[in-house]
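The structure appears right after this line, and notes come after that.
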Amino acid sequence: PYYSENGITIYHGDCREILPHLEPVDLVLTDPPYEVEAHTLQRRVRRGNEPLSFEPLSFELRQSAAIEIARLSRGWMLVFCQIEAAMLWREQLEAAGAVYRRSCIWVKPDGMPQYSGDRPGMGYETFVACHAKGRSVWNGGGKHGVFIFNKGENGGVRNEHETQKPLKLIKELAELFSNPGQTILDPFMGSGTTLRAAKDLGRKAIGIEICREYCEIAVRRLQQQVLDLR
């Protein structure tokens with residue numbers, strides 16, 4: 001492990017090499033690299049309309065990750081993706097043995113406008129919710145799979161990754177789809193938002209990140225005071 005303390009573990013490397021060596025977890029909550037649509041001039045999300053610094057998600061990486069996600073999760077699997085890729089993730093996870101339950105939406109009231117003005121802007125993101133075989137249970141009752149959070153809802157802490165998810169959003173998902181003491185896995189950890197949420201909520205967590213810089217950022221975030229954003 002690159003870092004391991006108080007039930008939180010970080011591995012620095014390619015998730016395709018690390019996932020086969022892990023034991024089952026209770027929840028997979030992850031935000032893989034965006035698909036090619038997010039890299040177009042009409043859809044770029046980085047400040048100043050600059051190109052994203054990472055490559056689009058490949059078919060091979062999606063397939064490899066889906067196989068391991070389905071193998072490792074004893075419960076829910078939540079995978080963020082572009083709307084165009086929701087069916088692709090569903091197909092790959094189902095092929096690996098997972099059971100599709102729902103495609104959910106994160107609505108971003110403060111999302112970037114469509115500067116070209118020639119089409120509607122993208123004010124939302126999608127995540128696919130699958131489950132291991134058997135009865136699925138969550139802590140949301142009849143709540144809709146629609147989550148409304150501003151991008152900057154991080155307790156005043158600035159974003160340190162160009163596609164970082166709001167900590168408040170990830171904490172709600174962790175609360176709804178797991179229970180205290182359980183283990184959450186994020187094979188595309190980025191700057192560690194899922195791990196930070198797990199720590200704040202009394203969950204264990206495993207994160208994998210290929211970029212050493214983001215591993216360092218995640219460690220720093222984990223060493224900060226526990227944040228209560230509810």
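The values are calculated or read from the model by the stated rules, or taken from the named source; none is laboratory data. Predicted, not measured: the structure shown is a model, and the values here were computed from it. Neighbour counts run over all protein chains shown; Cβ positions are idealised from the backbone, glycine included. Keep in mind that these areas ignore ligands, DNA and RNA; they rest on the heavy atoms of the full protein, side chains included. Shrake-Rupley method; radii C 1.70, N 1.55, O 1.52, S 1.80 Å.
Worth pointing out:
- Top positive-direction residue, dipole computed over the chain with Cβ charges, set 126, 98, 142: 142
- Basic side chains Lys and Arg get +1 at the Cβ, acidic Asp and Glu get -1 at the Cβ, and with that the dipole of the chain about its Cα centre reaches some 680 debye.
- Placing a label point 7 Å from the Cα of residue 136 along the Cα-to-Cβ direction, the residues of segment 12-29 with a backbone N closer than 19 Å are 25-29.
- A 1.4 Å probe run over the protein chains yields, for the chain, 48 Å² of accessible area per residue, whole-number rounding.
- Ligands, DNA and RNA left out, the accessible area of the chain computed with a 1.4 Å probe is 50% carbon and sulfur.
- Highest to lowest packing among 163-171, 135-143, 188-196, scored as the average C-beta count within 10 Å: 188-196, 163-171, 135-143
- Between 130, 211, 104, the Gaussian network model of the chain with springs among Cα atoms under 10 angstrom shows the greatest mean-square fluctuation at 211.
- The GNM of the chain, with springs linking C-alpha atoms under 10 angstrom apart, assigns the highest mean-square fluctuation among 70, 174, 96 to 96.
- The H on the amide N of residue 2, modeled in the peptide plane, is under 5 Å from the matching H of 10, 11, 12, each at least 5 residues off or on a different chain.
- 5 angstrom amide H check on residue 101, placed H, neighbours 5+ away: 129, 130, 131
- Cα gyration tensor category, rounded, prolate or oblate, for the chain with a/c compared to 1.5: rounded
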